[in-house]
2 protein chains.
Amino acid sequence: MSDASTRSGTLWVIGLGPGESHLLTPQAREALDAAERLYGYGPYLNRVVDEHDPRRMASDNREEGARARQALTDAAAGARVAMVSGGDPGVFAMAAAVCEQIERGPAHWRTLEVQMIPGISAMFAVAAACGAPLGHDFCAVSLSDNLKPWALIERRLKAAAGAGFVMALYNPISASRPWQLGRAFELLRDTLAGETVVIFGRAAGRADEHMQITTLAEARAEWADMATLVMIGSEQTRVVERPDQPPLVYSPRFAPGCDPESPA
Amino acid sequence: MSDASTRSGTLWVIGLGPGESHLLTPQAREALDAAERLYGYGPYLNRVVDEHDPRRMASDNREEGARARQALTDAAAGARVAMVSGGDPGVFAMAAAVCEQIERGPAHWRTLEVQMIPGISAMFAVAAACGAPLGHDFCAVSLSDNLKPWALIERRLKAAAGAGFVMALYNPISASRPWQLGRAFELLRDTLAGETVVIFGRAAGRADEHMQITTLAEARAEWADMATLVMIGSEQTRVVERPDQPPLVYSPRFAPGCDPESPA
């Protein structure tokens with residue numbers, strides 16, 4: 001933050017993490033406190049600011065470009081502006097929308113002080129809740145075909161499965177995108193074994209967190225909703241059962257045959 | 001944390017994030033304060049605890065399995081134990097080592113309270129420092145061939161480049177692994193254009209942070225060290241030049257042809 005908090009014309013793009021204050025970084029908290037305007041999707045703003053706070057500039061979920069332009073316009077007029085994102089602002093969220101609008105907007109937007117403040121992204125909250133499913137090479141894919149052709153999503157899922165990446169699937173399902181996750185499961189069953197571990201991680205890192213651990217053969221798209229991140233293990237991902245506790249899911253650090261301590 | 005901090009026999013696996021306290025979550029801070037023993041690689045422990053703190057149980061970098069066993073043994077004896085990792089404990093770090101030792105260890109280790117506490121991983125700190133290079137689908141690959149055959153790393157790099165993933169390369173180089181990053185650049189030049197954006201992100205999120213933005217054609221392995229994360233853009237990743245400030249690097253949210261607002 002340093003001198004930024006004492007200057008005008010600043011835009012902070014802030015990652016709120018999963019939503020509870022115990023996973024909000026001090027850097028994010030400091031920027032939220034210093035901001036004169038707070039932009040973001042309403043439900044994310046609700047996590048950090050009162051409904052009647054006059055600094056609040058809520059907008060709908062689909063309006064990222066317009067929201068970024070408003071925030072940049074305010075910052076260019078001299079305000080200290082915060083733009084909030086759930087999770088990390090750089091992961092399928094507002095940081096790219098802000099950069100895109102700076103590139104396309106008036107030249108003086110390039111002189112603004114813009115700072116991205118990272119947060120705990122959903123896949124790390126899900127991973128922490130389950131053990132260490134991202135313990136080896138992994139990828140993150142948004143299943144939203146509002147943003148790219150479905151054929152490109154299929155190509156990426158096939159490439160990732162074929163190369164042994166663990167996959168974190170963001171935006172798995174919504175009212176307007178009801179079939180994509182089911183199709184992704186079908187496609188992945190062509191490449192991966194039925195016993196491959198699948199995690200439905202809902203509201204990870206929040207009070208109503210719910211983790212469902214299953215297999216690719218059993219996984220059903222209707223178990224996901226908009227608050228769910230779906231994780232597909234690699235063929236090495238393992239489940240460690242525990243008495244009176246949920247199992248631990250982890251992806252070994254070592255590829256098969258490379259572990260000096262392995263009993264195998 | 002809830003009742004965990006008042007019970008014996010607990011192991012917290014804690015992500016410290018990049019290292020500075022402004023990116024350490026309150027949840028991580030609370031667990032560090034509650035712990036009676038602190039395990040970890042010495043330089044990571046130095047970030048959160050005094051050199052003479054009697055709770056400190058430092059170990060070398062290569063001893064993850066043994067360190068996890070010691071921590072689990074202490075927890076099983078009733079102690080409240082913290083294991084610290086830089087970044088996020090689930091990303092090429094201690095959480096998988098702990099799960100692995102629980103699976104292989106005595107049955108009573110499965111009854112311990114084990115909690116993973118997420119942190120800001122290096123790739124998100126690098127992304128935040130540069131703009132939004134991870135704004136579209138991405139993957140994370142460790143270049144350490146201590147853990148897997150080099151051929152598998154090459155297969156993953158090829159698959160990721162071919163499918164248009166942005167790549168975060170962890171563990172790019174060390175004294176004992178001097179040639180791997182250079183070989184990765186060579187390989188990627190077969191698939192990706194020479195103008196593809198490459199970021200050398202050193203000490204991201206810390207006071208001595210240094211970001212170097214270049215192209216795949218220009219990138220040289222010797223610019224990286226053990227504190228560097230290397231990021232390879234996709235063919236869509238863009239650089240927005242700014243007067244008197246570092247450029248912003250971002251990967252557009254929309255695939256080519258899918259952006260309703262695009263001037264193209």
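What to note about this one:
- Simple point charges give the picture: +1 on the Cβ of Lys and Arg, -1 on the Cβ of Asp and Glu, and for segment A:189-264 a dipole about the Cα centre of about 120 debye.
- For peptide B:236-245, the mean count of partner chain Cβ atoms within 10 Å of a residue's Cβ comes to 3.
- Prolate/oblate/rounded label for segment B:220-264 (Cα gyration tensor, a/c 1.5): oblate
- Portion, in percent, of the accessible area of segment B:186-264 that falls on carbon or sulfur, probe 1.4 Å: 48 percent
- Diagonalising the gyration tensor over the Cα atoms of segment A:63-176 and scaling each eigenvalue by 5 before taking the square root yields semi-axes of 32, 17, 12 Å, largest first.
- Charge dipole of segment B:35-104 (Cα centre as origin; +1 on each Lys and Arg Cβ, -1 on each Asp and Glu Cβ, all else neutral): 100 debye, rounded to the nearest 20.
- For chain A: Kirkwood Rh in Å [reciprocal of mean 1/r, alpha carbons]: 19.8 Å
- Amide H contacts of A:Thr215 (H built 1.01 Å from N, in plane; Pro and chain starts excluded): A:Val198 sit under 5 Å, all sequence-distant by 5 or more or on other chains.
- Taking the helices alone, chain A has a mean residue ellipticity at 222 nm of -8500 deg cm²/dmol, built from -39,500 (n - 2.57) per DSSP H run of at least 4 residues and averaged over all its residues.
- In the A-B interface, the accessible area buried, summed over both sides, Å² (probe 1.4 Å): 6700 Å²
- Check: segment A:123-250 dipole with +1 on Lys, Arg Cβ and -1 on Asp, Glu Cβ, in debye: 360 debye
- Computed with every protein chain present, the accessible area of B:Glu186 is close to 100 Å² [probe 1.4 Å].
- Scalar couplings 3J(HN,Hα) for segment A:69-82, obtained by applying the Karplus form with A = 6.51, B = -1.76, C = 1.60 to θ = phi - 60°, are 5, 4, 5, 5, 4, 4, 5, 5, 7, x, 7, 8, 10, 10 Hz; x denotes Gly and Pro.
- Annotation: amide H of B:Ile120 within the under-5 Å range of B:Gly17, sequence separation 5 or more or interchain, hydrogens built in the peptide plane.
- FRET efficiency, A:Lys158 to A:His210 (Cβ-Cβ, R0 22 Å, nearest 0.05): 0.15
- Across peptide A:21-30, the mean count of Cβ atoms from other chains lying within 10 Å of each residue's own Cβ comes to 6.
- 7 Å along Cα→Cβ, label-point gaps from B:Arg220 to other copies, nm, shortest first: 6.0
- Label points for B:Pro54 are taken 7 Å from Cα along Cα→Cβ. From this copy to the others they lie 5.5 nm apart, shortest first.
- For segment A:35-97, a Kirkwood radius taken over Cα pairs fed into Stokes-Einstein (37 °C, viscosity 0.692 mPa s) yields D = 281 µm²/s.
- Karplus 3J(HN,Hα) series, Hz, for segment B:83-95 with 6.51 cos²θ - 1.76 cosθ + 1.60 (x for Gly, Pro): 10, 9, 10, x, x, 9, x, x, 10, 6, 8, 6, 4
- Shape of segment A:123-250 from the C-alpha gyration tensor: oblate (a/c of 1.5 or more and a/b not above b/c, with a ≥ b ≥ c the square roots of its eigenvalues).
- Here the 3J(HN,Hα) profile of segment B:193-209, calculated from phi with Karplus coefficients 6.51, -1.76 and 1.60 at θ = phi - 60°, is 5, x, 7, 3, 6, 10, 10, 9, x, 9, 6, 4, x, 10, 4, 9, 3 Hz, Gly and Pro shown as x.
- Per residue accessible area of the protein assembly as shown, 1.4 Å probe, in Å²: 38 Å²
- Rounded FRET efficiency, nearest 0.05, which uses the C-beta distance separating A:His22 from A:Asp225 and R0 of 25 Å: 0.55
- For B:Gly131, the residues whose modelled amide H falls within less than 5 Å of its own, excluding neighbours fewer than 5 places apart on the same chain, are B:Val249.
- Here is how far apart the B:Glu30 label points are across copies: 2.2 nm, shortest first, using a point 7 Å from Cα toward Cβ.
- Restricting the calculation to alpha carbons of segment B:99-151 gives Rg and Dmax of 17.1, 47 angstrom.
- Farthest toward positive dipole pole in the protein assembly as shown [+1 Lys/Arg, -1 Asp/Glu at C-beta], among B:Gly42, B:Leu248, B:Val84: B:Leu248
- Shape class of the protein assembly as shown from the Cα gyration tensor (axes a ≥ b ≥ c, square roots of the eigenvalues): rounded, since a/c falls below 1.5.
- Apportionment of accessible area to carbon and sulfur, segment A:4-120, percent (1.4 Å): 43 percent
- Computed over the alpha-carbon pairs of segment A:4-120, the distance histogram in 5 Å steps reads 2, 13, 26, 27, 20, 9, 2, 0 percent, short to long.
The values are calculated or read from the model by the stated rules, or taken from the named source; none is laboratory data. The structure presented is a predicted model; accordingly, all values stated were derived computationally and were not measured. When we count neighbours, we look across all protein chains shown, and the Cβ atoms used for this are built from the backbone with ideal geometry, even at glycine. Surface accessibility is based on the protein's heavy atoms, side chains included, excluding ligands, DNA and RNA. Shrake-Rupley method; radii C 1.70, N 1.55, O 1.52, S 1.80 Å.
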